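To keep things clear, I will list the structure first and then write my remarks on it.
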Amino acid sequence: MSEELFPVPAKWAQDALLDAAGYAAKYQKSIEDPEGFWREEAQRIDWMEPFSTVKNTSYAKDDFRIRWFEGGKLNISANALDRHLADKSDTVAILWEPDDPAAPSRSLTYRDLHTEVCKLANALKAQGVAKGDRVTIYLPMVPEAAIAMLACARIGAVHSVVFAGFSPDALAGRIEDCQSRIVLTADEGLRGGKKVPLKANVDAALDKVAVDRVIVLAHTGTDVPMKAGRDIGWAEAVVDQPAICEPEVMDAEDPLFILYTSGSTGKPKGVLHTTGGYAVWTSMTHQYVFDYQPKSDGSNPVYWCAADVGWVTGHSYVVYAPLINGATQVMFEGVPNYPDHSRFWQVIDKYQVDIFYAAPTALRALMREGDEWVTRTSRKSLRLLGSVGEPINPEAWDWYHRVVGERRCPIVDTWWQTETGGAMITPLPGATDLKPGSASKPMFGVRPALVDPEKGTLIDGAASGALVIADSWPGQMRTVYGDHQRFFDTYFSQYPGYYFTGDGCRRDEDGYYWITGRIDDVINVSGHRMGTAEVESALVEHPLVAEAAVVGMPHEIKGQGIYAYVTTNAGTEDSEDLRKELVQWVRKEIGPIATPDVIQFAPGLPKTRSGKIMRRILRKIAENDTGNLGDTSTLADPSVVDDLLANRPQ
Ligand code: 6R9
């Protein structure tokens, strides 16, 4: 790993909100006096009624509680919209760039956004949606996705956004789990020139689970079947609604949203975030990580987070934090390589983007197309680059820094999770010397620690171990929707007294953290989390599949790819056609992001005598690291390994 150090550029140290000393002092205060620190930080939010307690948290099994800003009342949509109307109503909130660069773009001011959110909020009320109800949102990257989320928040409904790339089955499972009675969708989405049949997917999902109402946005304008009594057009739903909707008074700990994410076992978990702590945490991290402050002429820097609203990065750093902070941002419907590999950089030039935040997988894909696609664009507006979603390898870091940012832009490599709500370990551009590949230092209030995964004991100094967090922070998830026990068991039972992240990590002599990737059965495909158990259960649902085991494999662009070992039923011909069929099957069951990269037919899987699959061996074969498979003597039938090695697809 590269240990090269990139010192904070002098101009950044001087102009940024925080320099190295500023970070150190603030961090120290946040750890020594969390109450005082967060009481002060909470002032960034407009409270309808002040909170009485700052922090009321304990990870102890018999006294487990995570509560922040108790007694405080607020509405997060009022913080994102209404409070900007006095002096920023004509400031652009969203610059929307469509998939097709020739199609018209859209620009929405804070006033526009406020009006649209209020109208939709009133429309939802008119459809009977009340505080606490769950609303499923299945929309492409259009402003209406943000409008829908904020409209829910405005009336106290709990949104559950389902990524528009998920299959009807995955959508049905998520609708069912949180029992939502209403779905907001569009006729079609557009990505890279291809249409995504969103309404048709909703119809297919609703063959399995019923809802009362579907509100359908006309996006591409194609004709879609509307079911009488259930489906209604978006325009029709909002047309007669007043442009004012009083924000619901929400308790700091009232639920804000559910977002499903993959874990090492079972079905995806409904990660639940609440209102007050999330508002404080996301807006604070956004301000410091991206150094979001007015430019020297008083105007807003243009910020662009290229994540989809279907993931947590889109929730926190497209919708909530930038709007709470009154930012101007680009929202992009498309993909990095359409119509060509220059698209990101063209969009940056078009809107004069100052701050750009993307995932390493996109950078790696663009990097291999050659520098020409980048260098033919200007990118002079760029000042700061960000990375999120997976470890950024030093080559990609170097390319991002040298070619995209022309060595002038710091890179903030932000480590965090759906569960953490916002950035936990990250450089600050004016404060942190950068080491390519390291997420560097903890955010305020975050106490990272390393434990020995075998012994469960804390490790000090420069060392590697399982990454845990020693105390609560305001943006922490509060429960797994409908299964509080699973919340405790998943995150707080392995290492009592600590939140377990599922990631492995190294800490160096300078106290920098280097995330090494998941150490549980979660794989990270193109920055998207995928539970191996989910892909396995999709495979075994196929009538010809008896058993399946899925592991991650190194993948040049995606970071990790999906390697599936499949045992078919006796008498089945393990043909090329069946292999293709299984790939399609998984795509249909979960969605294209779960497409297996390799399927290896295996007459038997390596199991211990007690029947446990030895994944260690399967991982090594998938990684093509077959020189030393370790001890195979405990296998019930060691000969299956020879067969796996002999039949490894090339
Ligand atoms: C925000 C987000 C979380 C998992 C996490 C880790 C990986 C995210 C990273 C990173 C190394 C970074 N991860 N950011 N690994 N460096 N900067 O991605 O949330 O989808 O829940 O994924 O992603 O493994 O545990 P989520």
Checklist entry - What number goes with the only condition from (1) open to solvent by less than 10 Å² (accessible area, probe 1.4 Å); (2) within 9 Å of the ligand (Cβ to nearest atom) that G430 does not pass? => result (2)
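Quick grid of which residues meet (1) of a type outside the set (D, E); (2) away from the ligand (no atom under 16 Å from the Cβ); (3) closer than 30 Å to M614 by Cβ; (4) open to solvent by 30 Å² or more (accessible area, probe 1.4 Å):
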{"site": "P448", "(1), (2), (3), (4)": "yes, no, no, no"}
{"site": "E454", "(1), (2), (3), (4)": "no, yes, yes, yes"}
{"site": "P474", "(1), (2), (3), (4)": "yes, yes, no, no"}
{"site": "P496", "(1), (2), (3), (4)": "yes, yes, yes, yes"}
{"site": "R506", "(1), (2), (3), (4)": "yes, no, yes, yes"}
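So if I check each of A16, A20, which one is at pLDDT 95 or above, among the small types (G, A, S), within 30 Å of I392 (Cβ to Cβ) and within 27 Å of the chain's Cα centre (by Cα)?
Values: A20 fails: within 27 Å of the chain's Cα centre (by Cα).
Sole residue among the options that is at pLDDT 95 or above, among the small types (G, A, S), within 30 Å of I392 (Cβ to Cβ) and within 27 Å of the chain's Cα centre (by Cα): A16.
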Checklist entry - Do you know which residues across region 89-111 are over 16 Å from S299 (Cβ atoms), of a type in the set (D, E) and surrounded by fewer than 19 Cβ atoms within 10 Å (Cβ to Cβ)? => result D100
Next on the checklist: Between a residue in region 515-544 that is on the phi > 0 side of the Ramachandran plot and touching a residue at least 40 places away in the same chain (Cβ under 8 Å) and any residue that is polar (S, T, N, Q) and more than 9 Å from the ligand (Cβ to nearest atom), which pairs come within a Cβ distance under 7 Å, given they are 6 or more apart or on different chains?
Outcome noted: S526/T361; G527/T361
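Look through region 399-426, keep the residues that are more than 21 Å from C505 (Cα to Cα) and assigned to a helix (DSSP H, G or I), and return whichever of them is nearest to the ligand (Cβ to nearest atom). So that I can check it myself, show each step before the final result.
Let us first name the residues in region 399-426 that are more than 21 Å from C505 (Cα to Cα), namely 399-410.
If we keep only those that are assigned to a helix (DSSP H, G or I) as well, we get 399-404.
Working: W399: 16, Y400: 13, H401: 15, R402: 19, V403: 20, V404: 17 Å.
Among residues in region 399-426 that are more than 21 Å from C505 (Cα to Cα) and assigned to a helix (DSSP H, G or I), the one nearest to the ligand (Cβ to nearest atom) is Y400.
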Checklist outcome for this item: Checked region 542-554 for anything of a type outside the set (A, V, I, L, M) and surrounded by 19 or more Cβ atoms within 10 Å (Cβ to Cβ); matches are G552
Next on the checklist: Step by step: first the residues of region 616-647, then only those that are in contact with a Ser or Thr (Cβ under 9 Å, 6 or more places away or on another chain) and open to solvent by 40 Å² or more (accessible area, probe 1.4 Å), then the one that is nearest to A546 (Cα to Cα). Which residue is that?
Outcome noted: A636
Item to check | Complete set of residues in region 237-267 that are modelled with pLDDT under 95 and among the charged types (D, E, K, R) | outcome: K267
Checklist entry - Can you tell me which of G571, G552, G511 is within 13 Å of the ligand (Cβ to nearest atom), small (G, A, S) and modelled with pLDDT of 90 or more? => result G552
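Mind telling me which of the residues I613, I557 ends up being at pLDDT below 90 and surrounded by fewer than 18 Cβ atoms within 10 Å (Cβ to Cβ)?
Numbers: I557 fails: at pLDDT below 90.
Of I613, I557, the one residue that is at pLDDT below 90 and surrounded by fewer than 18 Cβ atoms within 10 Å (Cβ to Cβ) is I613.
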Next on the checklist: Let me confirm something: among G277, G263, G298, G270, which residue is of a type outside the set (A, V, I, L, M) and surrounded by fewer than 16 Cβ atoms within 10 Å (Cβ to Cβ)?
Outcome noted: G298
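For region 86-103, which positions are assigned to a helix (DSSP H, G or I) and touching a helix residue (DSSP H, G or I) at 6+ places or on another chain (Cβ under 6 Å)?
Listed by number, the list holds a single entry, K88.
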Checklist entry - List the pairs whose first member sits in region 164-184 and is open to solvent by less than 10 Å² (accessible area, probe 1.4 Å), whose second member is among the hydroxyl-bearing types (S, T, Y) and part of a loop (DSSP other than H, G, I, E, B), and whose Cβ atoms are under 6 Å apart, counting only residues at least 6 apart or on separate chains? => result C178/Y481
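Name the single residue, out of those in region 378-395 being open to solvent by less than 10 Å² (accessible area, probe 1.4 Å) and modelled with pLDDT of 95 or more, that is farthest from the ligand (Cβ to nearest atom).
The extreme case among them is R379.
When region 437-463 is examined, which residues are found to be assigned to a loop (DSSP other than H, G, I, E, B) and in contact with an Asp or Glu (Cβ under 6 Å, 6 or more places away or on another chain)?
Here is the first cut: in region 437-463, the residues assigned to a loop (DSSP other than H, G, I, E, B) are 437-439, 441, 443-447, 452-457, 460-462.
Answer for region 437-463, where residues must be assigned to a loop (DSSP other than H, G, I, E, B) and in contact with an Asp or Glu (Cβ under 6 Å, 6 or more places away or on another chain): A439, R447, A462.
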Next on the checklist: Could you check region 534-545 and list, in sequence order, the residues that are away from the ligand (no atom under 16 Å from the Cβ) and over 15 Å from I599 (Cα atoms)?
Outcome noted: E541, P543
Checklist outcome for this item: The residue from I244, I348 that alone is in a loop (DSSP other than H, G, I, E, B) and either over 20 Å from G527 (Cα atoms) or in contact with a Cys (Cβ under 9 Å, 6 or more places away or on another chain) (or both) is I244
Checklist entry - Can you pull out the residues in region 41-88 that are over 27 Å from the mean Cα position of the chain (by Cα), without any contact (Cβ under 8 Å) to a residue 24 or more places away in the chain and open to solvent by 70 Å² or more (accessible area, probe 1.4 Å)? => result P50, S52, D62, A86, D87
Checklist entry - Of all residues in region 517-532 being buried (at least 20 other Cβ atoms within 10 Å of the Cβ) and aliphatic (A, V, I, L, M), which is nearest to the ligand (Cβ to nearest atom)? => result V522
Checklist entry - So, of the residues in region 456-468 that are surrounded by fewer than 21 Cβ atoms within 10 Å (Cβ to Cβ) and of a type in the set (V, I, T), which turns out to be farthest from the ligand (Cβ to nearest atom)? => result T457
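The values are calculated or read from the model by the stated rules, or taken from the named source; none is laboratory data. If you're wondering where the values come from, they're calculated on a predicted model, not measured in any experiment. Here Cβ is always computed from backbone atoms with ideal geometry, including for glycine, and neighbour counts include all displayed protein chains. What goes into the accessible areas is simple: the full protein's heavy atoms, side chains included, and nothing from ligands, DNA or RNA. Shrake-Rupley method; radii C 1.70, N 1.55, O 1.52, S 1.80 Å.
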